[in-house]
Amino acid sequence: MDRIFSVPLKGGAYTEVYSAACLEEMEKGLAEYGGSVLAVADRNTEGYVPEGMPCLILEPGESEKNWHSVEMILEKALSLGMARDSVFIGIGGGVVLDMTAFAASLYMRGARTVLVPTTLLSAVDATLGGKTGIDYGGAKNIIGTFYPAESVVIAPQTLRTLPDREYRCGLGEVIKHAFLSHDRRLIGFLSKNRDGIIARGDDLVFEMIRLSLEVKMDYITRDPEERKGIRSALNLGHTFGHALEALEGFSISHGEGVVWGMARAFEAGRLLGITPGGYADAALSLISDYGFDTGRRIPASSLDRFMEAISKDKKKKGGSVRFVLMAGQGEPVLRPLDGEVVRSVVS
Ligand SMILES: NC(=O)c1ccc[n+]([C@@H]2O[C@H](COP(=O)([O-])OP(=O)(O)OC[C@H]3O[C@@H](n4cnc5c(N)ncnc54)[C@H](O)[C@@H]3O)[C@@H](O)[C@H]2O)c1
């Protein structure tokens, strides 16, 4: 495996990000972590667990992101006699990775963690930054720890089996990173290679993930524990998007919600004179080029329910929601938005 880059962590440690050009290379790389390992996967990703490696296979899906699954991981680790320097290897989407890293953070007060993302979303969003956790009492990610992985292994071949809907979901987060990037490399790459990216050519997928991770790395290294407001910019599109997801009973994917939310944020920014018109137009056109529906509107009959979903987000965040708006390429600004502005850009 090749090391792509190292993400500096507190106390002089690093998360090392590796690439594996093919599945054999990934297996060989994972074998180097030695004998005391536990791979965690789900039924859709168990095929990527190297032959003979001790493993726990969970049922797939967000509904499994709970204490019971974490207990199963910890019990398996105990039954294998794992020590603090043993390695937990999560192989799967964000659900598997968040739980594997959470269990590792608890095991003997912190065991070693390696993450192998097998969805585009988890590759670009759930591997760096150290957020681990589970859902509880109906609230997403409400219990968890900050526990950055020791290594992340990007193996684009694993994405070949990913259903289209999940791939598109990840594309939404990649497009978000393209807008947040301080330079135009990712946005240029997405504009130039649309067809190849949609067809999932391994090399293009890898380059897209690498560029996207660089953007995430930039934001998290400047605000590792989300205390300075810098990292909050990564929520671009999320407040509008979550409210749409809630309104639709979660029948649309998270990525589609985020992309729709970004389109609303560009419109709100333009309305308030924060986002230059030309920039907003170019951003909306990139979003549509990737087949996302930017024009969808909330019908008048559902507007109150939508506003209620926004205000629930507000309560969760201690009374005020600051929306992420864009003043230009890589220039996020956080602003509370007046109800009238929200209504006018969604309806
Ligand atoms: N820790 C973080 O910073 C962070 C960031 C973003 C999201 N997340 C979390 O990630 C989760 C969402 O991640 P996700 O979108 O990857 O969802 P997921 O883990 O539920 O995976 C989506 C579906 O794809 C299947 N799958 C995964 N890889 C596959 C493959 N290669 N081939 C075929 N099927 C495959 C899974 O089994 C699942 O059914 C949420 O729980 C979210 O909270 C965490």
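Contact map, the range 170-185: residues that are within 14 Å of the ligand (Cβ to nearest atom) paired with residues that are of a type in the set (D, E, K, R), Cβ distance under 8 Å, separation 6+ or inter-chain. Pairs shown: G170/D125; G172/E256; E173/D125; H177/K216.
On the stretch given as the range 120-135, residues that are within 6 Å of the ligand (Cβ to nearest atom) and in a helix (DSSP H, G or I) total 4.
Under the condition of being more than 15 Å from the chain's Cα centre (by Cα) and small (G, A, S), the residues counted in the range 98-151 number 10. Are any of the residues in the range 334-342 without any contact (Cβ under 8 Å) to a residue 60 or more places away in the chain, open to solvent by 40 Å² or more (accessible area, probe 1.4 Å) and of a type in the set (D, E, K, R)? Yes, there is a match, as at least one residue in the range 334-342 is without any contact (Cβ under 8 Å) to a residue 60 or more places away in the chain, open to solvent by 40 Å² or more (accessible area, probe 1.4 Å) and of a type in the set (D, E, K, R). For the range 95-119, the set of residues classified as outside any strand (DSSP E or B), within 8 Å of the ligand (Cβ to nearest atom) and over 15 Å from G133 (Cα atoms) consists of T118, T119, listed by residue number. Mind listing whichever residues of the range 140-169 are near the ligand (Cβ under 10 Å from one of its atoms) and among the β-branched types (V, I, T)? If the condition is that a residue be near the ligand (Cβ under 10 Å from one of its atoms) and among the β-branched types (V, I, T), then T158, T161 are the ones that fit.
L286 passes every criterion in (1) more than 30 Å from I142 (Cβ to Cβ); (2) open to solvent by 30 Å² or more (accessible area, probe 1.4 Å) apart from (2). From the list G94, G90, G133, G129, the lone residue that is surrounded by 17 or more Cβ atoms within 10 Å (Cβ to Cβ), under 23 Å from E51 (Cβ atoms) and touching a helix residue (DSSP H, G or I) at 6+ places or on another chain (Cβ under 9 Å) is G90. Of the residues making up the range 233-261, those that are touching a strand residue (DSSP E or B) at 6+ places or on another chain (Cβ under 6 Å) and either over 27 Å from R185 (Cα atoms) or in a helix (DSSP H, G or I) (or both) are A233, N235, T239. Kindly provide the set of residues from the range 48-94 that are within 11 Å of the ligand (Cβ to nearest atom) and of a type in the set (K, R), ordered by number. Result: K65, single match.
The values are calculated or read from the model by the stated rules, or taken from the named source; none is laboratory data. This one's a predicted model, so the numbers in the text were calculated from it and none came from an experiment. No Cβ is skipped: glycine too gets one built from the backbone with ideal geometry, and neighbour counts run over all protein chains shown. SASA here: full protein model, heavy atoms, side chains in, ligands and nucleic acids out. Shrake-Rupley method; radii C 1.70, N 1.55, O 1.52, S 1.80 Å.
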